[in-house]
Amino acid sequence: MNSDKPAYRVGLIGCGRKGHGHARGYVGNPHTELVAAADSDTDNLDIFTQRFGVTGYADYHEMLSSERLDIAAPILPVQPNPQVVVDCAGAGVQAIYCEKPMAVTLAESDEMVEACRSRGIHLAAGDAYRNMPHHWKVKALIDAGELGDVQTINLYQGTGEISGGGCQGLSVLRLFADDADVDWVTGWCSGDPASDHDQGMGGHIRFANGIDASISHKRSALEGIEVVCSKAVYHTNWGSGHLWRGEANGPLAEDESVFEEFGGTAGWMEPSGSRQRGGMESIVDALDHNKEPRCSGDNMRKVLEIAVGLRESHRQGFAPIRFPIEDRSLGIVPNESRLLNKKQVMGEERYAKQIQSAASQPIGGAQVDG
């Protein structure tokens, strides 16, 4: 971005704990300017506007109509998120950056993606591991042919929520599968497959380009993702990573030089590797170069579809589920802390302590949680 060009104007919707984290990310990026915020919770709004010195609105519709915004940032619980994103798209912003999971049902996610796509609006979703630059450097080496073809991908994530926290690993899995369409999945749930509520899931994905991926939901000594190529193996547990090079049936040697620009093989989350910082850079890059954000709404829609497919396979006696899934009313209900307003779930006293903690963190710093 040309340094002489004005920064992109950002309006944030939802001044809760995560909203403070995103706000600090925008303030810390030289190419974005946080100018306004909206929240129907006046306590949250007052704390936020005093902290960041921006104009506050009790109604996000008023903010969208009054402010000349380039980026709308709805940082909201899952339940209200789809409608707010659609409303932001109708207001004519250039980009929308919401949180994850972005919707309960496939139909809702379809509507969000189409509302943005039909208007040429960039939709990003999630303070996501997929935004971290380390993965993209390895992906570039694969694309250049240096590591050979991807043969298989193994995802190890000991989480009880495939749509909530588990969407992180699935998003990176899709990246290394070249974001190919899914041919079919087979899967199983850690709990009751008849339930629509979020839970741990495992299974197998066959992508249309022939790449196979396996998912383990059991907690183990090996966490993260393992990408097995014909000439290399890449593993990351999200906080660090390693790349080993070699030939088939031969010894592997670690290439530590690959991650030198990020401070080596450890400590990725801060300062250079923050997934949140990467997300802010990605939305700016999308606007500057008219390209899809690294963790797009379309990606999160397809991640949700994979999760739904794993559950439907269990429901149907572990049968393969062909994609695309025809019944778009299917979905996964996130945990209450993600679905609903956190003050409602946690209670006012406990929630107030979290907001005060979020508001006390240095402006311009990145928040890495969730």
Quiz item: Can you list the equivalent-ellipsoid semi-axes of the range 132-268, largest first and in whole Å, using the square root of 5 times each Cα gyration tensor eigenvalue?
Solution: 27, 17, 13
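At 222 nm, what helix-only mean residue ellipticity would the chain give, in deg cm²/dmol to the nearest 500, using -39500 (n - 2.57) for each DSSP H run of four or more? Write out the running numbers ahead of the final one.
Values: 12 runs with 128 residues, N = 370.
Estimated from H runs of four or more residues: -10500 deg cm²/dmol.
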Quiz item: What trypsin sites (Lys or Arg not before Pro) in the range 65-140 are in a loop by DSSP, with at most 10 other Cβ atoms within 10 Å of the Cβ?
Solution: Arg68
Quiz item: How many percent of all Cα-Cα pairs in the range 241-365 sit more than 23 Å apart?
Solution: 66 percent
Quiz item: Counting other Cβ atoms within 10 Å, which GluC sites (Glu not before Pro) in the range 324-367 have at most 13 and lie in a DSSP loop?
Solution: Glu326
Practice problem: Rounded to the nearest 10 degrees, what's the angle between the helix 348-359 long axis and the longest principal axis of the chain, both from Cα atoms, 0 to 90? | Solution: 80 degrees
Quiz item: Looking only at Leu141, Leu330, Leu287, which one moves most when the chain is put into a Gaussian network model with springs between Cα atoms under 10 Å?
Solution: Leu141
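I want the local charge near Glu326. Using Cβ-Cβ distances under 13 Å, sum +1 for each Lys or Arg and -1 for each Asp or Glu among the other residues. Show your work: numbers first, answer last.
Values: positive: Arg322, Arg328; negative: Asp110, Glu305, Glu312, Asp327.
That works out to -2.
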Self-check item: Fraction in percent of alpha-carbon pairs per bin - 5 Å, the range 1-97
Solution: 3, 15, 27, 27, 18, 7, 2, 1
Quiz prompt | Order of His20, His197 - criterion: other Cβ atoms within 10 Å of each residue's Cβ, fewest first | solution = His197, His20
Quiz prompt | Spin-label model distance (nm) - Gln151 vs Leu222, 7 Å beyond Cα toward Cβ | solution = 1.3 nm
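Give the order of Thr42, Thr32, Thr159 when sorted by the count of other beta carbons within 10 angstrom, beginning with the fewest.
Details: Thr42 11, Thr32 23, Thr159 20.
Result, fewest neighbours first: Thr42, Thr159, Thr32.
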Quiz item: Angle between the Cα long axis of helix 81-90 and the longest principal axis of the chain, 0 to 90 degrees, nearest 10?
Solution: 70 degrees
Quiz prompt | GluC sites (Glu not before Pro) within the range 1-99, DSSP loop, no more than 10 other Cβ atoms inside 10 Å | solution = none
Quiz prompt | the chain: angle of helix 106-117 to the longest principal axis, Cα-based, in degrees nearest 10 | solution = 70 degrees
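How much of the DSSP bridge set in the chain is antiparallel, in percent, rounded to the nearest 5?
Numbers: 34 of 59 bridges.
Among the beta bridges of the chain, antiparallel pairing accounts for roughly 60 percent.
So how strong a dipole does the chain carry about its Cα centre when Lys and Arg Cβ are +1 and Asp and Glu Cβ are -1, to the nearest 20 debye? Walk me through the intermediate numbers first.
Values: 34 positive and 51 negative charges, 72 e Å.
Result for the chain is approximately 340 debye, rounded to the nearest 20.
Mind scanning Lys139/Lys291; Lys139/Lys343; Lys291/Lys343 and naming the pairs with a C-alpha gap bigger than 28 Å? Walk me through the intermediate numbers first.
On the way: Lys139/Lys291 17 Å; Lys139/Lys343 40 Å; Lys291/Lys343 36 Å.
Over 28 Å Cα-Cα: Lys139/Lys343; Lys291/Lys343.
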Self-check item: [x] 365; [y] 123; [z] 139, with the label sought being that of the calculated volume of the Cα convex hull per residue in Å³
Solution: [z]
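None of the figures in this text is laboratory data; all of them are computed from the coordinates on show. Every value quoted in this text rests on a predicted model; they were computed, and no experiment measured them. Cβ: placed from backbone, ideal geometry, glycine included. Neighbour counts: every protein chain shown.
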